[in-house]
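The following block contains the structure, expressed as structure tokens.
Derivation of every value follows stated rules applied to the coordinates shown; laboratory data play no part. Note that this is a predicted model, so its numbers are computed, not measured. No Cβ is skipped: glycine too gets one built from the backbone with ideal geometry, and neighbour counts run over all protein chains shown.
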Amino acid sequence: MKIYYKGNLISILIFVLSLSFLAGCEDLLPKKVTIEPSQKKEFKPQGIIVAQVGDTYITLAQLNEEISTYNEILKATPEAAISSTKDKLDYLNNEIVKRNLFYIEAKSKGFDKDPKTQDLLNQVEINLVANNFIQQKINSVKAEPNEIQNFFNTYKDQFNEKEQREIREIAVSTKTEANEILIELLRGSNFSNLARQYSKTKTSSNGGYVGYIEKDKRGQDYAIFDEIVFSSTLKAGDNSTVFQGDDNYYYIVKVENIKPSKAKSLSEVHDIVSKNVLFYKQQEELEKLYENLSKNIEVNIYNKKIK
């Protein structure tokens with residue numbers, strides 16, 4: 001028999017269901033809305049029913065969803081994954097059926113009336129119902145072709161491939177040493193060999209090879225470095241003069257190659273632009289909904305009680 005993960009799987013499932021869509025949207029909901037817990041009624045769920053335990057039902061969709069979540073949690077140990085029909089039946093009997101039996105027994109003894117349980121059920125209901133409502137609202141939002149085109153026209157520079165330069169470096173502790181190395185370079189010495197011999201950075205073992213870099217991509221610690229490297233006076237094959245970097249090393253760099261910036265067409269970035277437009281429209285739709293609800297539903301936040 002397969003030994004299943006014995007963590008609090010149902011808590012994980014509730015957590016996943018509760019937060020799967022609200023990531024990024026929680027600020028758009030009212031901070032506090034009083035909702036009376038609904039009285040749970042017996043019902044027969046939609047879909048293919050694979051088991052009945054007392055007055056509860058288990059659907060194929062529920063089984064597959066739990067198994068998918070289980071496999072995702074244990075993806076680091078693929079040998080424990082559930083894949084065969086036999087494994088699924090084992091999981092159904094040993095996990096879900098067992099849980100439903102415990103549920104029926106607990107309910108018969110009034111455990112569902114426990115205040116902590118009621119609080120949890122109330123919060124789960126709020127999250128699940130709100131998530132489903134939000135999902136339906138944003139599913140109706142579409143990114144129209146003219147909106148995609150306008151967005152691209154406004155922000156197209158951000159989608160361009162920026163200029164990249166292939167760089168080698170020599171970094172030493174003193175300006176005097178750097179000037180002596182520069183003289184060697186001017187006399188025709190090999191840049192890579194000098195980098196291996198003298199450079200103090202980790203690139204020295206690779207002949208000072210930094211690779212392709214993009215201006216301002218590596219942050220403020222490389223501001224001076226980038227300013228020199230991307231100077232319009234440096235062409236492919238050129239060496240720089242000596243300069244002091246932000247880390248106080250004295251540098252000489254060589255530009256091995258230059259990949260010029262390239263403008264991209266809308267067709268090349270259509271999916272990205274469309275997703276951006278859709279995201280902003282969905283946020284606008286939810287923000288409008290939030291504003292309207294805030295006007296019609298009383299919201300009380302007791303700041304002094306929050307410590």
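7 Å from Cα along Cα→Cβ at both Ala236 and Gln46: what's the point-to-point distance in nm?
6.0 nm
Same structure again: If the reach is capped at under 26 angstrom between alpha carbons, list the lysines near Lys88, excluding any in the same chain fewer than eight residues apart.
Candidates past the 8-residue exclusion: Lys2, Lys6, Lys44, Lys75, Lys98.
While we're here: Where does helix 115-139 land angle-wise versus the long Cα axis of the chain, in degrees 0 to 90, nearest 10?
For helix 115-139, the angle is close to 60 degrees.
Same structure again: Using label points projected 7 Å from each Cα along Cα→Cβ, tell me how many nm separate Glu72 and Asp112, to one decimal.
Distance between label points: 2.8 nm.
On to the next question. What does the charge count around Lys215 come to, taking other residues whose C-beta lies under 10 Å from its C-beta (Lys +1, Arg +1, Asp -1, Glu -1)?
Computed value for this residue: -1.
While we're looking at this one, here's another question. Which residue, Lys275, Lys175, Lys264, has the most motion in a Gaussian network model of the chain that connects Cα atoms within less than 10 Å?
Lys175
Next question, about the same structure. For Phe151, what charge total do you get from the other residues with a beta carbon under 12 Å from its beta carbon, if Lys and Arg give +1 and Asp and Glu give -1?
+1
Further question on the same structure: Count charges around Ser274 for me, please; just the other residues with Cβ under 12 Å from its Cβ, Lys/Arg as +1, Asp/Glu as -1.
Summing Lys and Arg as +1 and Asp and Glu as -1 gives 0.
Related question: Return one number: the angle in degrees, 0 to 90 and rounded to the nearest 10, between the long axis of the Cα atoms of helix 60-73 and the longest principal axis of the Cα atoms of the chain.
So the inclination is approximately 40 degrees.
Another one. For the chain, what is the calculated [θ] at 222 nm in deg cm²/dmol (nearest 500), taking -39500 (n - 2.57) for each run of four or more DSSP H residues and dividing by its residue count?
It lands at -14500 deg cm²/dmol.
Grab the beta carbon distance between Ala263 and Gln149, set R0 = 25 Å, and tell me the FRET efficiency rounded to 0.05.
0.95
Between their Cα atoms, which of Lys162/Lys264; Lys200/Lys235; Lys142/Lys281 are more than 18 Å away from each other?
Cα-Cα > 18 Å for Lys200/Lys235; rest within.
DSSP loop trypsin sites (Lys or Arg not before Pro) in region 206-245 with at most 13 other Cβ atoms within 10 Å of their Cβ, which ones?
Answer by residue number: Lys217, Arg218, Lys235.
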